[in-house]
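As structure tokens, the structure follows; a few thoughts come after it.
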Amino acid sequence: MDALLVLTNIAIILLLGILCSLLSKKLRISNILVLVVLGIILGRLAYKGQPLFVFDPSFLVGIGILALVMIVFDGSSRFRFKEIDALSLSSFRIIGYFMLFSVLVITSFTNLLFFEGVNVKNILFSIIFAVIIVGTDPGSVFVMLKDFVSERAKKVLGLLQIEAIVNTPLIVLIPFLILDIINNLELGTGDFISSFIGQIPAFFSQIIVGVGAGVVIGLIVFKTMQKVYSHQFSPVGIITAALLAYILAENLKGNGVLAVATLGLLFGNLYVKEKSQLQEFSYMLSNALEILVFVLVGLMIKIPLTLDFFLKSLFLFGLLVLCRAVAVFVALRKSDYSYKEKLFISLNMPKGIAVAVVAFTFSLYKDVQIGVILNLILVFMLYSLVLSSVVDRFSKKFIRIQVKTSKIEEVPHPKLKGHDKTKTPA
């Protein structure tokens, strides 16, 4: 009966998620925003004092990781090395400055507004939150890229795309390294300085192992797929390869997200039979998982619906926007981006799948500070998605954008009786 109930809940969530996604497309707003709001509403529905939708935390974490794996793979597989070379330096600078300013400013005010007392543990949890909210969502940027065809728009959105891919493994990796430091302090196995220094080799080890795992799995699988293609089994092989890369990296104490991103880059830049069909399959699977993840994260986290919480969190979000703007303008001060383009980049920082997966994993911990962080993560997702939706709606005010239109058909001009042709929209 429990299994049937879980399946029923999943079916209802998917059905409502599809309807909400169609509605968001009609209203031209972020489907992630609508899905999270749907989750918040469903999470507050109860029957006879019991919530209608209940899931095991380990199930939520598993779904979240699977979604993260497929979305990161799908996004990174659409990259080309030459594109990364052109824009990666600017992306790295933005990420570096943004994380620095966020850690300095957001950490201080998070501790001041939401934690009682200034101590090492509260400061470390505040840093965890400051790092997580630096992340931007690859999926949201990929969706934006599909609608714009002008070279200038592609350059601006390409920068956001690379930034989203690069910062994803960082916001999945760094918070858990800090959690290890907190656990060491609680166990009394060392002071803060020694615990911090002890995590530095682990940080670089996770990066090296993650990249290595992605390369090894990619070379084995894709070299095979260069020669053989099966309509039935090749798509399954893609999912298996992505999961194997993640699992191998994690079991070797590496970063699984980085392994999947590396695997996706190899897939996008190596010859593979019927690559376009395989990419379409991974995209459809990512969409289905995305619906589940964003509804579930809204359903799982019960944010306090109080004026005090919203006023404090809005103030903190305003500081984050300011940190983002300063980071972008400092990082791109010597570039050829215009003032409006820099402003567009500054205001586009939607939180998505990576942030949701971290929230799922954090839900397994019982610290009071973790509860505060989860509430802030969810409300910041909402704020950032609303801001990005508004900015994208007025994107023509910021960058020169040529929106894709319907196909152009050549028809004879009636006055010229077929001797000359004028292009008229189909």
>> It is to be established whether one or more residues within segment 232-240 are assigned to a helix (DSSP H, G or I), of a type in the set (Val, Ile, Thr) and over 26 Å from Ile63 (Cβ atoms).
In response: no
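So that you can scan it fast, the table gives a plain yes or no per residue for (1) under 18 Å from Leu15 (Cα atoms); (2) assigned to a helix (DSSP H, G or I):
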{"site": "Val34", "(1), (2)": "yes, yes"}
{"site": "Val37", "(1), (2)": "yes, yes"}
{"site": "Ile40", "(1), (2)": "yes, yes"}
{"site": "Phe55", "(1), (2)": "yes, no"}
{"site": "Ser58", "(1), (2)": "no, yes"}
{"site": "Val61", "(1), (2)": "no, yes"}
{"site": "Ile65", "(1), (2)": "no, yes"}
> What pairs can you find where one residue is in segment 118-138 and small (Gly, Ala, Ser), the other is part of a loop (DSSP other than H, G, I, E, B) and buried (at least 20 other Cβ atoms within 10 Å of the Cβ), and their Cβ atoms are less than 9 Å apart, with a gap of 6+ or different chains?
Replying inline: Gly135/Met349; Gly135/Lys351; Gly135/Gly352
> So which residues in segment 343-360 are of a type outside the set (Val, Ile, Thr), closer than 28 Å to Val257 by Cβ and in a helix (DSSP H, G or I), if there are any at all?
Replying inline: Phe344, Ser346, Leu347, Ala354, Ala356, Ala359, Phe360
> Is there a residue being modelled with pLDDT under 80, assigned to a helix (DSSP H, G or I), of a type outside the set (Ser, Thr, Tyr) and out of contact with any Lys or Arg (no Cβ under 9 Å at 6 or more places or on another chain) anywhere in segment 84-107?
Replying inline: yes
>> Restricting to segment 378-395, and then to whatever is under 13 Å from the mean Cα position of the chain (by Cα) and of a type in the set (A, V, I, L, M), can you tell me which residue is nearest to Val134 (Cα to Cα)?
In response: Met381
> Taking Ala261, is it in a helix (DSSP H, G or I), at pLDDT 85 or above, within 19 Å of the chain's Cα centre (by Cα) and under 23 Å from Gln161 (Cα atoms)?
Replying inline: no
> Considering segment 289-322 alone, what residues qualify as being surrounded by fewer than 18 Cβ atoms within 10 Å (Cβ to Cβ) and either hydroxyl-bearing (Ser, Thr, Tyr) or modelled with pLDDT under 75 (or both)?
Replying inline: Thr306
> Out of segment 221-232, which residues are loosely packed, with under 12 Cβ neighbours inside 10 Å and hydrophobic (A, V, I, L, M, F, W, C)?
Replying inline: Val228
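The values are calculated or read from the model by the stated rules, or taken from the named source; none is laboratory data. It should be emphasised that the depicted structure is a prediction, and the values quoted were computed from it without experimental measurement. Note that we place each Cβ from the backbone using ideal geometry, even for glycine, and neighbour counts take in every protein chain shown.
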